[in-house]
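Asks: Below is a structure I'd like to ask you about.
The values are calculated or read from the model by the stated rules, or taken from the named source; none is laboratory data. Computed from a predicted structure; not experimentally measured. All Cβ positions, even for glycine, are placed from backbone atoms using ideal geometry, and neighbour counts span all protein chains on display. These accessible areas exclude ligands, DNA and RNA; they are computed on the full protein's heavy atoms, side chains included. Shrake-Rupley method; radii C 1.70, N 1.55, O 1.52, S 1.80 Å.
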Amino acid sequence: MVKTGMAKAGYIYVNIDDCWQVSRTQNGTIVADPQRFPSGIPALASFVHGLGLKLGIYSDAGYKTCAGRPGSLGYEKIDAATYAAWGIDYLKYDNCNTDGSIPEKRYPVMRDALNATGKPIFFSMCEWGVDNPATWAPSVGNSWRTTDDIRAEWTSVLANIDINNNWAAYAGPGGFNDPDMLEVGQDGLSLIESKSHFALWCLSKSPLIAGNDIRSVPPNVLQILTHPELIAINQDPLGVQARKVSIQNDLEVWAGPLADGDWAVLLLNRSPSSASITADWDSFGFSLTTTMSVRDVWNRQELGNFVGAFTANVGSHDSVVLRVTPTVV
């Protein structure tokens, strides 16, 4: 992450997913796999911190994880204290093999245990959207999955972002909807589809978690993942999730406000053919007499002033991302 420039671009967490844990000691302390982590998790955390990064770990709000390893149900306090002592900065908390109780009951227990440690630990809730977490999770976690697991397929990317769009009003600084990790650069997506996937996640203020093998990331994929202007939109301090403001069959316009008064606008072509897409300024709260200064975000190019609307030809599965500024006459 450091060598590729991803860390400099803002990717700061190195997250360990399931299968790092093998058992518990007699007093209930979780034990890391000594084969995979011969120096132990604390040593790994120290190494990661030395690179200027943060370390994330995985557990489950059930008796066992999704892969059958020891879960945290009933061990929330001891696990949270262990993670804090190890130097963990992020916890992904899954929802497999439970006692049958609702997530609203089990997830706050881990929240309280994490808070009791006094160490800031990002709480990433992964209950797959089964109980509409956007409606109750803002007081529990820092992000919450709104969807089932994503796949490296265009249909899966669209399905997840469509579901995520339904919960836009519930996201904001400190708590964000999570349509699952990025599949940018994976074999199941074309480069154009990867660009649109990344742009949709950025405008939706979704957590940006790279799911590809960053040890061998091609330059064209790295350019997508580290695009500074897209990441700036994702990390905008206003924290308002963009949403669909216009749908005409497979042609969509998404828009959301930014902290400096600009708007991020995305033209998305879901169809199998190129098409002309128009973003009307009145679709997101301005009049058709408004003049907007328009910037092409992907190409980092100023396009000029446009009154009432902007139209672009967009290729199949492609997207155009704009940053528009209302001009003062």
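Asks: Restricting to the range 82-105, what's the tally of residues that are assigned to a helix (DSSP H, G or I), surrounded by 17 or more Cβ atoms within 10 Å (Cβ to Cβ) and over 23 Å from the mean Cα position of the chain (by Cα)?
Replies: Matching residues across the range 82-105 total 3.
Asks: Any residue at all in the range 195-202 that is of a type outside the set (A, V, I, L, M, F, W, C) and touching a residue at least 60 places away in the same chain (Cβ under 8 Å)?
Replies: Taking every residue of the range 195-202 in turn, at least one turns out to be of a type outside the set (A, V, I, L, M, F, W, C) and touching a residue at least 60 places away in the same chain (Cβ under 8 Å).
Asks: Can you find a residue that is out of contact with any Pro (no Cβ under 8 Å at 6 or more places or on another chain), open to solvent by less than 20 Å² (accessible area, probe 1.4 Å), at pLDDT 95 or above and not in a strand (DSSP E or B) anywhere in the range 245-255?
Replies: No, the range 245-255 has no match at all.
Asks: Could I ask something else about it? Could you say whether any residue in the range 110-117 is farther than 27 Å from ILE88 by Cβ and in contact with a helix residue (DSSP H, G or I) (Cβ under 8 Å, 6 or more places away or on another chain)?
Replies: No, the range 110-117 has no match at all.
Asks: Examine the range 107-115 for a residue that is assigned to a loop (DSSP other than H, G, I, E, B) and surrounded by 16 or more Cβ atoms within 10 Å (Cβ to Cβ), and state whether such a residue exists.
Replies: No, every residue in the range 107-115 fails to be assigned to a loop (DSSP other than H, G, I, E, B) and surrounded by 16 or more Cβ atoms within 10 Å (Cβ to Cβ).
Asks: Moving on. Go through the range 31-52 and count every residue that is within 17 Å of ASP89 (Cβ to Cβ) and assigned to a strand (DSSP E or B).
Replies: Matching residues across the range 31-52 total 1.
Asks: While we're looking at this one, here's another question. Output the residues belonging to the range 118-131 that are surrounded by 22 or more Cβ atoms within 10 Å (Cβ to Cβ), small (Gly, Ala, Ser) and touching a helix residue (DSSP H, G or I) at 6+ places or on another chain (Cβ under 9 Å).
Replies: The answer is GLY129, and nothing else.
Asks: How many residues are part of a helix (DSSP H, G or I) and open to solvent by 50 Å² or more (accessible area, probe 1.4 Å) if we restrict to the range 146-204?
Replies: Residues meeting the conditions: 7.
Asks: Let me ask you something else. Just the residues that are open to solvent by 60 Å² or more (accessible area, probe 1.4 Å) and either part of a helix (DSSP H, G or I) or out of contact with any Gly (no Cβ under 8 Å at 6 or more places or on another chain) (or both), please, taken from the range 13-30.
Replies: Residues satisfying the conditions are ASP17, VAL22, THR25, GLN26, ASN27.
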